[in-house]
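In what follows, a single structure is set out as structure tokens and then discussed.
The values are calculated or read from the model by the stated rules, or taken from the named source; none is laboratory data. Being a predicted model, the structure only gives us computed values, none of them experimental. Note that each Cβ is placed from the backbone with ideal geometry, even for glycine, and that neighbours are counted across all protein chains shown.
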Amino acid sequence: ETAGRVSLSPLCPLSVLLSHRVTRVPSELLSQSVLLSHRATCHPRAEELQGQRWVPFSREEISAFQSQPMAEMWQRCARRVTEAIERVVEFAKRLRGFLQLSQHDQIVLLKAGAMEVVLVRMCRAFDAATRSVLFEGKLAGPELFRSLGCPELVASIFDFAQSLSALRCSESELAMLSALVLLNAGRPCLQDRPRVARLQGHLDVAFRLLLRRTRREGLLARLPAPGRLRALCSQHLEQVQAFRRLHPGGLPAAFPPLYRELFAPDPADGPAGTR
Ligand SMILES: O=C(C1CCS(=O)(=O)CC1)N1CC[C@](c2ccc(OCc3ccccc3)cc2)(S(=O)(=O)c2ccc(F)cc2)C1
């Protein structure tokens, strides 16, 4: 695909050089910049994940987690997912064109997509052999999260991580997947949908060219359906509501404000981004 590069041939007078459209970013530069943004905003970094030996929690440690009060375990997971979401916000801000969207649309895309990106990124911290995830430094299976009181949600989170990690995505593929999850022109309430659709289109072309260059076109057909991510996030929202019913008085102040804003908005606050 011609990059629209201006031909710098010596025969080209300035007037012709200047008449060309602005040099479009070739798609490989776009996927490289998305990969750099991904690497800069994932923690732990890929090198750390490959380097360290992943140690499972002992039986005693697991039962200690299982006897944690429900609210304590919820707060731990809420804190960790909020840290991961803050890094996703940083990733979004580095995506070409994202900061040029209206703040309203930036908020709409992040409210709908940040948790989905965390779930995509989670496969990096997942060990398919033991069906466990890196949690507070060691490998945890679904049973460790028993005190949360939402076994179906936990099972769905592990199932999703398992199915995505089975595709053995590269960091570049995860980076492009995450960017496409965020820059989704289909999200409801967008003000400037065509503008988001243009950014999404550039990413789509760049992703397909990356897959062609790396002979991984087959990946597209094997990716989990977008509906699975949407269903997981709705399941999480239902469980937050269930938790709040069990603990009247709203989420305890110990929950991160960003988590409350995203998943337990106080109706009195009005729609986000307008405060
Ligand atoms: O893996 C990550 C990170 C992804 C981005 S990264 O850069 O690779 C660093 C690692 N995670 C971020 C934190 C984790 C997380 C994942 C989903 C999640 O959903 C919301 C929720 C909230 C409260 C109760 C249940 C579910 C909350 C936390 S976790 O705590 O390890 C956790 C894991 C499984 C589970 F069943 C419940 C919690 C996974």
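Structure above, values below:
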| read-out | value |
| --- | --- |
| Failed item in (1) more than 25 Å from the chain's Cα centre (by Cα); (2) within 12 Å of the ligand (Cβ to nearest atom), with A64 passing the rest | (2) |
| Scope region 205-232; condition surrounded by 15 or more Cβ atoms within 10 Å (Cβ to Cβ) and under 19 Å from the mean Cα position of the chain (by Cα); matching residues | A206, F207, L219, L223, P224, R228, L229, L232 |
| Q32 being under 26 Å from A254 (Cα atoms), surrounded by 14 or more Cβ atoms within 10 Å (Cβ to Cβ) and among the polar types (S, T, N, Q) | no |
| Helices (runs of 4 or more DSSP H) enclosed by region 23-97 - at least 3 residues per element that are over 15 Å from R124 (Cα atoms) | 27-41, 59-66, 70-93 |
| Helices (runs of 4 or more DSSP H) (entirely within region 101-201) containing at least 1 residues that are more than 14 Å from the ligand (Cβ to nearest atom) and crowded, with 21+ Cβ neighbours inside 10 Å | 103-121, 171-182 |
| Boolean, V240 is within 18 Å of E152 (Cα to Cα), more than 19 Å from the chain's Cα centre (by Cα) and surrounded by 13 or more Cβ atoms within 10 Å (Cβ to Cβ) | yes |
| Every pair of residues 6+ apart whose Cβ atoms lie under 6 Å, when the first sits in region 233-258 and is within 12 Å of the ligand (Cβ to nearest atom) while the second is in a loop (DSSP other than H, G, I, E, B) | Q239/C150; V240/A264; L251/A264 |
| Condition check for R39: at pLDDT below 95, over 26 Å from R244 (Cβ atoms) and out of contact with any Leu (no Cβ under 6 Å at 6 or more places or on another chain) | no |
| Residues that are touching a Ser or Thr at 6+ places or on another chain (Cβ under 9 Å) and either without any contact (Cβ under 8 Å) to a residue 60 or more places away in the chain or among the small types (G, A, S) (or both), drawn from region 73-93 | R87, V89, E90, A92, K93 |
